[in-house]
Structure formats: C-alpha cells, structure tokens
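The values are calculated or read from the model by the stated rules, or taken from the named source; none is laboratory data. Predicted model only: the values in this text are computed from it and were never measured. Here Cβ is always computed from backbone atoms with ideal geometry, including for glycine, and neighbour counts include all displayed protein chains. Side chains included, ligands, DNA and RNA excluded: accessible areas come from the protein's heavy atoms. Shrake-Rupley method; radii C 1.70, N 1.55, O 1.52, S 1.80 Å.
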Amino acid sequence: MAWLVLIISGVLEAVWATALGASDGFKRKLPTFIFVASMAVSMAGLAYAMKELPTGTSYAVWVGIGAVLTAVLAVLRKQEKLSLSRAALLTALIGCVVGLKVVS
C-alpha cells in the first residue's frame with residue numbers, strides 16, 4: 001500500500017509543479033488552488049509512505065516520478081522540446097526509480 005500511495009503522490013507532485021508554473025506567480029486563482037490542494041495531498045502521501053519505506057528511497061522515488069511527469073507534461077503542452085538526449089536521460093531516471101523499487 002505504501003508504494004501505491006507513494007506513486008500517486010509522485011504523480012501529484014507533477015500536478016502541483018505544473019499548476020505552480022501556470023499560476024503566474026499566484027495571480028491566477030484556479031492554478032493556485034490546484035497547486036495548494038495537490039501539494040498538500042502529495043506531501044501527506046509522501047509522509048504516509050515514509051512510515052513504511054526508507055526516507056531516502058521514498059523521497060527519491062517521489063521526486064523522480066514528479067520530475068519525469070512534469071517534463072513529459074511540458075513536452076505535451078509544447079512548452080519544452082524533447083530531444084533524444086533529454087528522452088534518454090528521462091528514461092534513465094525512470095530506470096533508477098524502478099531500480100529503487102526492485103532493491104527495496
């Protein structure tokens with residue numbers, strides 16, 4: 001259960017990071033609300049997962065999932081370009097997150 005909550009929390013990290021960028025410095029209300037709500041739930045999920053999983057592993061997985069999904073969302077929204085090297089590095093990051101699960 002802790003791993004599932006951690007994965008969902010990592011996804012929510014991408015939501016709040018994207019909403020933070022869209023909030024225009026907290027000037028836009030809806031993205032600001034989405035940022036605050038998703039960040040609170042994401043942090044609560046991370047805290048829950050850390051009850052059963054090591055702190056370093058939990059944090060690395062949470063950040064890794066959030067970073068990869070935030071980058072993918074930026075590419076899908078045409079805010080960033082996906083080069084071959086960026087794709088390879090994001091794939092390596094995914095491999096590291098999976099590796100942490102395997103060895104835990």
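Measuring between their Cα centroids, region 42-104 and region 1-31 lie 13 Å from each other.
Remark: the chain carries a charge dipole of roughly 320 debye about the Cα centre, counting +1 on each Lys and Arg Cβ and -1 on each Asp and Glu Cβ.
Calculate the FRET efficiency for Val103 and Phe33 from the Cβ-Cβ distance with a Förster distance of 30 Å, rounded to the nearest 0.05. It would help to have the intermediate numbers written out before the result.
On the way: r = 38 Å, r/R0 = 1.28.
Calculated transfer efficiency: 0.20.
Multiply the residue separation of Trp3 and Tyr48 by 0.36 nm, subtract the distance between their alpha-carbon atoms, and state the gained length in nm to one decimal.
Numbers: separation 45, 0.36 × 45 = 16.20 nm, distance 0.99 nm.
Taking Trp3 through Tyr48 to full extension adds about 15.2 nm, to one decimal.
How much area per residue is accessible in the chain when the probe is 1.4 Å and only protein heavy atoms are counted (Å²)? Intermediate results must be reported in sequence, preceding the final value.
Working: 6440 Å² over 104 residues.
It amounts to 62 Å² per residue over the chain.
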